[in-house]
Amino acid sequence: MLLTEHQRLPTSGARAVAPFVVGGVQYLAVPQLARDVADTPAHMNGGDSNTGAPIYRWHDGRFVEDGVLPLTGGEDIAVFTHRGAQYLAAAGVRAGRGPYQYNIDQVLYRHVGRDWVPAQRFPGFAAKQWHFFEIGDRAFLALAQGVTLGHIPASNPRHSRIFEWDGEGFADFQTLGGQWGYNWETFTVGDRFFLCYADHVSDSVILEWTGSSFAPFQTLATSGGRCFRTFAADGELLLAFANIQGETTLYRWDGARFAVHQTLSGPGGRELCVVRSETRLYLVQVNFIEGEPSAPRTALMSRIYGWNDGRLHLLEEFSTAGGTDAAVFQSDGRQYLAVSNSLTPDVRFRTDTVIYQFNG
């Protein structure tokens, strides 16, 4: 067994798991979409958004709650270091408990003393994910966001956006055409820099840095995009792409572009996580739902693949309940995998985030 259950965290509508280290101490932040509202019909887009994002601290081999970040409709948390300071970018899709407000500020925090202190606010619209990256001495922060539903108007900027550090904060740099953004990934090929962007209703695309902006390089899907993940194996550059409406596919760099290398699974894929041991490489695929949002099937089997002989081979499956994310971290000489779950089989939000010991 590659996974041994280690601990359960009592989360609600958990949308991501973000391990990070401050002062040599391991933490885990869990953005939460919603809490259940008594005497209301179950719906995956319902509930009370005013959840907060619990932050857990590793103590005596387990996580203990250490605080709560004031995040509503939580979707993502990204922690990064820039110019010697630690930052935490929080993405929330909405506020309220119905009718919902999707035009809300997205907050960038800076770590000061023992606290996360707001450093900058960005007007957002249905925000999904932040991603920090650097190109040479330039620093960027990308926000995937948006929805295209007629009853949800946008008063804030609606498209996914890229910001650049200007010496005092992150300023507008480039707006993408995507209208329902989900995910980012960056990688390099030689001296070329690429940025991947996944979108639900627009192109999921690989963009290339031109020296002054990001330009389309290769489109992998026109809808349903959820996640990109790159890794190197046996001297090859591989790119895994999850499409919730189609297939999770592995691509290989052929010297000029990415070519299909292997089909991993059918619909349902939402997130991908690379895990490396001393001797082997693994890819974790987290499956979210199958079917329509009005009647989703949330009790799915997520997957762990191992790289061998030039391909990924299915090694193990594990149950998830509306699985949304997976992230690896090391502590006490062991490797762990955190997996967030968001929806029970009867489409309620209160379901645990699970910490596994990874035995690979």
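In segment 30-50 there is no residue matching the filter, namely being over 25 Å from Pro123 (Cα atoms) and part of a strand (DSSP E or B). Any chance segment 163-173 includes a residue that's open to solvent by 20 Å² or more (accessible area, probe 1.4 Å) and within 19 Å of the chain's Cα centre (by Cα)? No, the conditions are met nowhere in segment 163-173. Consider segment 263-301 and keep the residues that are among the polar types (S, T, N, Q) and open to solvent by less than 10 Å² (accessible area, probe 1.4 Å). The one that is farthest from Leu238 (Cα to Cα) is Thr298. Restricting Asp346, Asp309 to residues that are at positive phi, out of contact with any strand residue (DSSP E or B) (no Cβ under 9 Å at 6 or more places or on another chain) and of a type outside the set (Gly, Ala, Ser) narrows the list to Asp309.
Taking the criterion of being open to solvent by 20 Å² or more (accessible area, probe 1.4 Å) and not in a strand (DSSP E or B), the residues of segment 177-201 that qualify are Gly177, Gln179, Trp180, Gly190, Asp191, His200, Val201. The numbered conditions (1) within 15 Å of Arg161 (Cα to Cα); (2) of a type in the set (D, E, K, R); (3) surrounded by fewer than 20 Cβ atoms within 10 Å (Cβ to Cβ) are all true for Arg97 except (1).
Tally the residues that are open to solvent by 10 Å² or more (accessible area, probe 1.4 Å) and either in contact (Cβ under 8 Å) with a residue 60 or more places away in the chain or not in a strand (DSSP E or B) (or both), restricting the search to segment 134-146.
Taking segment 134-146 and keeping what is open to solvent by 10 Å² or more (accessible area, probe 1.4 Å), we get 134-138.
Subsequent filtering for residues that are either in contact (Cβ under 8 Å) with a residue 60 or more places away in the chain or not in a strand (DSSP E or B) (or both) retains 135-137.
Of the residues in that region, 3 qualify.
The residues of segment 305-345 that are farther than 15 Å from Gln285 by Cβ and open to solvent by 10 Å² or more (accessible area, probe 1.4 Å), listed by number, are Asn308, Asp309, Gly310, Ala321, Gln330, Ser331, Asp332, Gly333, Arg334, Gln335, Thr344, Pro345.
The values are calculated or read from the model by the stated rules, or taken from the named source; none is laboratory data. These numbers were taken from a predicted model, which means no experiment stands behind them. We place every Cβ from the backbone using ideal geometry, glycine too, and count neighbours over all the protein chains shown. Ligands, DNA and RNA are excluded from the accessible area calculation, which covers all protein heavy atoms including side chains. Shrake-Rupley method; radii C 1.70, N 1.55, O 1.52, S 1.80 Å.
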